[in-house]
Amino acid sequence: MDVRQLQLFIAVAEEGSIHGGARRMMLAQPAVSKLLRALERQLQTQLVQRSPRGIELTVAGKLLLEQAYEIVRSLERTVDIVQQAGRSQKTLTVGLISGAASASELTADIIRGFQRLCPDVTVGVRELDFADQFTAVVDGHVDVALVRAPCGDERVSTTPLFGEPLVLALRSDHKLAEASMVSADAIMDETMLAMGDAPPSWTSFWHLDDLRRSAPRTGQSVRTLAELQFALMSNREVVMPMTLTAWRMSAQYSDLRALRIDGAPSSTAVAMTRQNDDREHVLAFTAHAREVSRQLLTKVPEAVLPT
């Protein structure tokens with residue numbers, strides 16, 4: 001005996017006929033008759049008897065009806081309790097491509113503000129590297145990521161937050177270090193860092209390929225901002241574009257300098273989710289991140305809202 005049989009029995013009893021019970025349960029009448037006979041065989045007793053008005057419950061049938069109501073109501077209460085528990089135990093894992101640099105000075109405001117906005121959601125953070133920042137979202141290792149465009153993956157969706165300038169980072173004893181600004185043409189022959197297994201479109205942006213006539217010369221491969229900073233400090237011949245935010249976080253390294261790049265594109269911070277992810281807490285996070293960017297943008301030097 002299962003819940004479906006009890007629901008069917010209740011429908012037949014309340015409708016007063018096999019036909020009415022079948023109509024309510026959206027089943028064929030012969031199927032209902034068969035299921036009802038099977039229920040009687042399982043219980044080894046007659047539950048209904050036919051009458052000119054349809055069917056009438058036997059004494060055993062009336063007793064079963066009382067118990068069936070209790071069982072079905074109990075199941076419905078259980079479902080409600082479990083669903084409520086599930087709603088109160090939602091989790092959101094946020095991926096960060098470069099730690100606090102992911103959304104600049106707004107990273108902490110976005111995460112803390114969301115925790116206040118949705119106290120029923122448990123928020124966790126996971127550090128991402130250049131290679132896994134998009135696949136982590138696609139594969140479900142994180143629910144949403146604060147990263148930098150371009151994404152170049154049709155499996156993800158992005159919500160632009162703000163843009164900020166790029167600078168060229170290099171060692172203070174590099175031949176270009178005395179300049180305050182360089183043109184894109186002046187650095188096309190300089191050695192830049194490889195970006196590990198990062199997506200080609202993302203690597204292409206950081207190598208300024210849209211401004212080039214030929215492929216860049218690359219040296220050491222890096223997967224994180226920390227590795228990038230160390231590689232620059234270790235090699236006086238290497239240069240690398242980075243966001244103004246990343247440079248502010250690198251300024252502690254006295255051996256490094258940053259130059260403005262004339263004509264370079266800006267870097268856009270985005271909140272990235274899986275394509276068509278319509279979970280309520282994921283949508284709430286991206287909307288919150290966008291709103292924080294609008295309200296607190298002045299915290300990020302030289303940042304601009306997307307057009």
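Out of the residues in segment 102-157 meeting the condition of being of a type in the set (Ser, Thr, Tyr) and closer than 13 Å to ALA271 by Cα, tell me which one is surrounded by the most Cβ atoms within 10 Å (Cβ to Cβ). Reasoning before the result, please.
Taking segment 102-157 and keeping what is of a type in the set (Ser, Thr, Tyr), we get 102, 104, 107, 122, 135, 157.
Restricting the remaining residues to those that are closer than 13 Å to ALA271 by Cα gives 102, 104, 107, 157.
Details: SER102: 29, SER104: 27, THR107: 22, SER157: 17.
Checked segment 102-157; the qualifying residue surrounded by the most Cβ atoms within 10 Å (Cβ to Cβ) is SER102.
Somewhere in segment 8-17, is a residue without any contact (Cβ under 8 Å) to a residue 12 or more places away in the chain, closer than 30 Å to VAL270 by Cβ and open to solvent by 30 Å² or more (accessible area, probe 1.4 Å)?
No: zero hits.
Does any residue in segment 23-47 that is more than 13 Å from LEU8 (Cβ to Cβ) come within less than 6 Å, Cβ to Cβ, of a residue that is assigned to a loop (DSSP other than H, G, I, E, B) and at pLDDT 85 or above six or more places away or on a different chain, and which pairs are these?
Pairs that qualify, where the first residue is more than 13 Å from LEU8 (Cβ to Cβ) and the partner is assigned to a loop (DSSP other than H, G, I, E, B) and at pLDDT 85 or above, are GLN46/THR58.
Charged (D, E, K, R) and within 27 Å of TRP247 (Cβ to Cβ): which single residue out of ASP120, ASP109 fits that description?
Details: ASP120 fails: within 27 Å of TRP247 (Cβ to Cβ).
None of the others qualify; the one that does is ASP109.
Would you kindly identify the strands (runs of 3 or more DSSP E) lying entirely within segment 110-193 that contain at least 2 residues that are under 29 Å from the mean Cα position of the chain (by Cα)? Spell out how you get there, then give the answer.
Working: elements: 121-127, 144-148, 156-164, 166-171, 181-183.
Counting at least 2 such residues, we get 121-127, 144-148, 156-164.
Within segment 205-246, how many residues turn out to be farther than 13 Å from LEU168 by Cα, open to solvent by less than 30 Å² (accessible area, probe 1.4 Å) and within 29 Å of the chain's Cα centre (by Cα)?
So the answer is 2.
Test each condition in (1) modelled with pLDDT of 85 or more; (2) within 30 Å of ALA149 (Cα to Cα) for ALA60 and report the one that comes out false.
(2)
Hey, does segment 221-232 have a residue that's in contact with a Ser or Thr (Cβ under 9 Å, 6 or more places away or on another chain) and of a type in the set (Lys, Arg)?
Scanning segment 221-232 turns up no residue that is in contact with a Ser or Thr (Cβ under 9 Å, 6 or more places away or on another chain) and of a type in the set (Lys, Arg).
Does segment 204-215 include one or more residues that are within 30 Å of THR307 (Cβ to Cβ), of a type outside the set (S, T, N, Q), touching an Asp or Glu at 6+ places or on another chain (Cβ under 7 Å) and at pLDDT below 90? Lay out the reasoning, then the answer.
The first filter runs over segment 204-215 and keeps only residues within 30 Å of THR307 (Cβ to Cβ), leaving 204-213.
Within this subset, residues satisfying the condition of being of a type outside the set (S, T, N, Q) are 205-213.
Now narrow it down to the ones that are touching an Asp or Glu at 6+ places or on another chain (Cβ under 7 Å): none.
No, segment 204-215 contains no residue that is within 30 Å of THR307 (Cβ to Cβ), of a type outside the set (S, T, N, Q), touching an Asp or Glu at 6+ places or on another chain (Cβ under 7 Å) and at pLDDT below 90.
The values are calculated or read from the model by the stated rules, or taken from the named source; none is laboratory data. Source: prediction; values computed, not measured. FYI the Cβ positions are ideal-geometry reconstructions off the backbone, even for glycines, and counts take in every protein chain you see. Surface accessibility is based on the protein's heavy atoms, side chains included, excluding ligands, DNA and RNA. Shrake-Rupley method; radii C 1.70, N 1.55, O 1.52, S 1.80 Å.
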